[in-house]
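Enquirer: This is the structure I want to talk about, given as structure tokens.
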Amino acid sequence: MRARISQSLVILGTLLVLVSVGLFAQIEKPTKDTRIWVLDDTDKVHPITGNLLSEGKEVYNGVRPSPGEYRKRNGVWDATSRVIRLFAGRNEFVAFQVVLEKGQDDLHKVFLNVTDLLGSKDRISSDSHIRLFKQLYLQLEGTWYPDALLPFEIAGATPLELPDPLAKVPAQSQKAQSVWVDIYVPHDLPSDTYTGQLMVLHRNTNKQDSLRVELEVGNFTLPDELNLDVDLMNYGFLSIERGWPDIVLDGERHRKIEREFFRMAHAHRMTFATVPYNHDGSIPKGLKPELAGVGETVRVSDWSAWDARFGPVLSGEAFQDLPRSRQPVNHFFLPYNLMWPSDIRHWQKPAYRTEHLRISRAFRDHLTEKGWNQTKYHIYYNHKEHYNFFPWNLDEPTRDQDLDALSYLGKILSECFPDDGKLDVLYRLDIGHFHCQNDATCRSPKETSAQVVEKLDPWVDLWNIGSPHYWANLPEVRKLRKLGNTMYFYSGTPRVTEPLASAIRWGWQGFKHEADGICFWNATDWVDWDTDAPPADPYSNAGGRYGGFSMIFYPGSKFGYDGPLPSMRLKTLRRGLQDFEYLRLIERNGKKTHDELIQLTDELLAGKKLDYPRARQTLYQALSGPAN
């Protein structure tokens, strides 16, 4: 009897198991029809069509179909083997994009994770050296573009949802969500191939996609020093506090936020720099040391507040935990302008010269005593007549009276900062009209554009020339360099609507045109400053009518973060600056001739359908291989 009961229980249990399995099978959701693929860091993926901007606007917007072969194979991705292949030197960032494309069903609770990358003797830590960012989208000129990058560690970034509730893209339309992945290769990492996994976990179905990451690290190191100084300008009248309306000017929180802008630029091989005065010559609180006295008694009464705010970026202490550890900022604007350190009411009177001499000596002594003498200090006059405060155009001068005023200031500054080797102070001129006769794009040539060198070269140390005029006048640029001048060219930041390759090209332009630096004339114009329109959300309009041409950072305040968020354009500018260092190292090491590198550069800049990933691999192989 007991045996029969036991048999019955076994049969009943088996039936229950079978029934339960059948019931589970009925309610189990099918695998989502999702495609995961990988792309390099040179293109933009449309959030609705999943097509690439490099395919042209019609394909990007879905007006014409895309072959879509890049989803199966491209410069970093092989869908058959599920392998992501990368290469980099030491002290270099390499990046790629992971694209999630959904079918009919929405995706919820999707997690992305990258493991440590293991070599034969060492590893690249995912905690310290790998960062993931969710791409955010905005609509400009009727088209959707990714630009702002939200780090996964900031609240709301994980898990991923598709469609993304944070996106402005219509929820029913969004089919693709891209994630940016940054990998940093430390200075002391042995040359080797490092492998790991990028895992995509979908909680709804408990399905996991595992992509293999292979990173080849070459036996060379990019320098910590910036051989091309990129100036990410910010203005006293258009400063970062507009992104945090609730902060106290020059308060502890304000300084902390400002420091994060310096740090982000530094980590991307650039320099964040604030022109520390307004168009009327007034100086916002905290951007100058406090003065006392007048005339022969004028002096700096207190350095402590100014030192506390800027000392860490001038010493490099602010960057000690970043890749280019403890390198100070490459350049820094001193608060000199028509109203400081002497008031314009003293113009061409003895007091104007006297007060400049006394305060300049205080700067020289103080900065030298502190040991803050690795940074190049810029003195730049950003005054224009149409601002209705002063009668000259000292920025982008075009008239004789402008050059005369700049000469007067130059004579005083040459006395204030003699070339004694203790401190590198550069009298900087930003000029748009430079030898206009040689630039076909110049629509209003001025005689002064050819006279400016003769009148100002005795005084000016740094010539920052509008990029078209600089490029058209390389022989004239070389003449100025031979005289000991520092040579920059300037433009706005790459627009959001441009292909990412245009951002990469700036580093190559710097190499081709033998520049010491590139100035992007605004990095934080979130509010369309020169219109009377009310401020708008930069995450929706990229700064207004300029469409990103005057901003490269986003304010983290939108996500409760006291610091900047990077843009994809910032990342690809960094890629081009690393390429600049590749080109420079290859030439210095005799791996290729200058003419060979210029030919490669010309092909890239001419847009002859050069395969950029292949061009970069050419540079990498040249630097990794034996010398000629």
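The values are calculated or read from the model by the stated rules, or taken from the named source; none is laboratory data. Just so it is clear, the model here is predicted, and its values are computed rather than measured. FYI the Cβ positions are ideal-geometry reconstructions off the backbone, even for glycines, and counts take in every protein chain you see.
Yes/no per residue for (1) outside the structural domain of Asp40 (by TED's automatic domain parsing); (2) closer than 30 Å to Glu603 by Cβ; (3) buried (at least 20 other Cβ atoms within 10 Å of the Cβ):
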| site | (1), (2), (3) |
| --- | --- |
| Leu500 | yes, yes, yes |
| Phe511 | yes, yes, yes |
| Trp521 | yes, yes, yes |
| Thr531 | yes, no, no |
| Pro538 | yes, no, yes |
| Gly543 | yes, no, yes |
| Phe553 | yes, no, yes |
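Enquirer: Determine which member of the set Val248, Val300 is surrounded by fewer than 22 Cβ atoms within 10 Å (Cβ to Cβ), touching an Asp or Glu at 6+ places or on another chain (Cβ under 8 Å) and not in a helix (DSSP H, G or I).
Expert: Result of the check over Val248, Val300: Val300.
Enquirer: Hey, among Leu583, Leu604, Leu597, Leu577, which residue is of a type in the set (A, V, I, L, M), in a helix (DSSP H, G or I) and touching a strand residue (DSSP E or B) at 6+ places or on another chain (Cβ under 7 Å)?
Expert: It is Leu577.
Enquirer: Restricting the search to segment 435-463, which residues are in a loop (DSSP other than H, G, I, E, B) and over 20 Å from Leu483 (Cα atoms)?
Expert: Scanning segment 435-463 gives Asp439, Ala440, Thr441, Cys442, Arg443, Ser444, Pro445, Lys446, Glu447.
Enquirer: Scan segment 330-372 residue by residue and report those that are within 34 Å of the chain's Cα centre (by Cα) and aromatic (Phe, Trp, Tyr).
Expert: Phe332, Phe333, Tyr336, Trp340, Phe363, Trp372
Enquirer: Being at pLDDT 95 or above and among the basic types (Lys, Arg) is true for just one of Arg584, Arg614. Which residue is that?
Expert: Of the residues listed, the single one that is at pLDDT 95 or above and among the basic types (Lys, Arg) is Arg584.
Enquirer: Taking the residues in segment 435-462 that are touching a helix residue (DSSP H, G or I) at 6+ places or on another chain (Cβ under 6 Å) and within 29 Å of Asp528 (Cα to Cα) as candidates, determine which candidate is surrounded by the fewest Cβ atoms within 10 Å (Cβ to Cβ).
Expert: Among residues in segment 435-462 that are touching a helix residue (DSSP H, G or I) at 6+ places or on another chain (Cβ under 6 Å) and within 29 Å of Asp528 (Cα to Cα), the one surrounded by the fewest Cβ atoms within 10 Å (Cβ to Cβ) is Thr441.
Enquirer: Right, something else. Hey, Arg428 hits all of (1) surrounded by 20 or more Cβ atoms within 10 Å (Cβ to Cβ); (2) out of contact with any Asp or Glu (no Cβ under 9 Å at 6 or more places or on another chain); (3) of a type in the set (Lys, Arg) but one; which does it fall short on?
Expert: Just one mismatch for Arg428, condition (2).
Enquirer: Filter segment 222-278 down to residues that are under 21 Å from Asp307 (Cβ atoms), at pLDDT below 95 and of a type in the set (Lys, Arg), then give me how many there are.
Expert: 0
Enquirer: What is the one condition in (1) in contact with a helix residue (DSSP H, G or I) (Cβ under 9 Å, 6 or more places away or on another chain); (2) more than 30 Å from Leu160 (Cα to Cα); (3) in contact (Cβ under 8 Å) with a residue 40 or more places away in the chain that Leu238 does not satisfy?
Expert: Single failed check for Leu238: (1).
Enquirer: I need the full set of residues from segment 73-111 which are modelled with pLDDT of 95 or more, of a type outside the set (A, V, I, L, M), part of a loop (DSSP other than H, G, I, E, B) and surrounded by fewer than 20 Cβ atoms within 10 Å (Cβ to Cβ), in order please.
Expert: Scanning segment 73-111 gives Thr80, Ser81, Arg82.
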